[in-house]
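Presented below is the structure to which this report refers.
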Amino acid sequence: MTFSPANITALVIAASFAAGLNIYATVLTLGLLARTQWVALPPGLDSLGHTWVLVACGIMFAIEFVADKIPAVDLVWNALHTVVRIPIAALVAYHASSQLSPQMQILATAIGAAVALAAHGSKTALRAAVTPSPEPVSNIALSSSEDVVAVGLTWFATHHPMIAASAALICLAAALLAARALLRAIQKPLRRLFGTDLEESRSQVKPLP
């Protein structure tokens with residue numbers, strides 16, 4: 001991988017999307033690649049290969065792997081990680097673009113944070129729509145798919161950043177559309193339910209003499 005501004009930007013986009021899905025899997029993948037020197041990474045990402053980073057991300061990834069597949073628990077987990085995934089994705093983007101000009105580095109950091117926020121928001125919205133389903137299979141399948149995409153896309157971004165960035169943007173657009181459609185779909189029955197309940201409660205209230 002050549003460290004041109006275009007390639008670094010593409011790497012930031014793909015890795016930030018993956019981070020919005022699973023920050024620990026993304027950082028762990030980058031850290032292992034940096035540690036083993038399997039592929040050349042931007043110099044600013046060398047610190048991800050430190051032992052304490054790998055151990056911490058490995059433990060947190062194992063915890064998230066379980067927590068993210070339990071209905072209701074996954075919603076709390078994702079809500080709490082709003083203050084984790086976006087800042088860390090921005091930090092990774094900042095270090096990945098360390099060899100660019102200060103202006104480009106700030107822009108890359110902002111892009112990384114924005115992409116991670118959009119991916120995280122789409123994931124949370126999809127989970128909010130899927131979690132109420134009585135069977136756990138859909139939740140487990142969705143979470144497992146996110147884990148695979150996070151690891152696979154991060155690895156692919158270090159070899160083919162342009163293709164990975166294009167795939168990330170397509171997935172992001174699809175996720176946003178799907179989240180919007182699902183949220184609209186569950187809003188209608190909820191409005192009918194609560195509207196009916198509200199009308200019934202009003203009809204039961206007797207006017208004061």
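Tabulated values for the structure
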{"quantity": "Condition broken by Ala10, with the remaining ones in (1) in a loop (DSSP other than H, G, I, E, B); (2) within 18 Å of Ser98 (Cβ to Cβ) satisfied", "calculated": "(1)"}
{"quantity": "Qualifying helices (runs of 4 or more DSSP H) (wholly inside the stretch 58-163; at least 2 residues being at pLDDT below 95, open to solvent by less than 60 Å² (accessible area, probe 1.4 Å) and under 22 Å from Arg184 (Cβ atoms))", "calculated": "73-80, 102-130, 137-159"}
{"quantity": "Test: residue in the stretch 33-44 that is open to solvent by 20 Å² or more (accessible area, probe 1.4 Å) and closer than 25 Å to Ala128 by Cβ", "calculated": "no"}
{"quantity": "Among the candidates Val55, Val83, residue that is out of contact with any helix residue (DSSP H, G or I) (no Cβ under 7 Å at 6 or more places or on another chain), among the hydrophobic types (A, V, I, L, M, F, W, C) and under 24 Å from Thr131 (Cβ atoms)", "calculated": "Val83"}
{"quantity": "Hits in the stretch 22-45 - residues which are over 30 Å from Leu142 (Cβ atoms) and small (Gly, Ala, Ser)", "calculated": "Ala40, Gly44"}
{"quantity": "Matching residues, the stretch 1-32, being without any contact (Cβ under 8 Å) to a residue 60 or more places away in the chain and open to solvent by less than 20 Å² (accessible area, probe 1.4 Å)", "calculated": "Gly31"}
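The values are calculated or read from the model by the stated rules, or taken from the named source; none is laboratory data. For clarity, every value in this text was computed on a predicted model and none was experimentally measured. Using ideal geometry, Cβ is built from the backbone for each residue, glycine included, and neighbour counts are taken over all protein chains shown. These area figures cover heavy atoms from the full protein model, side chains too; ligands, DNA and RNA do not enter into them. Shrake-Rupley method; radii C 1.70, N 1.55, O 1.52, S 1.80 Å.
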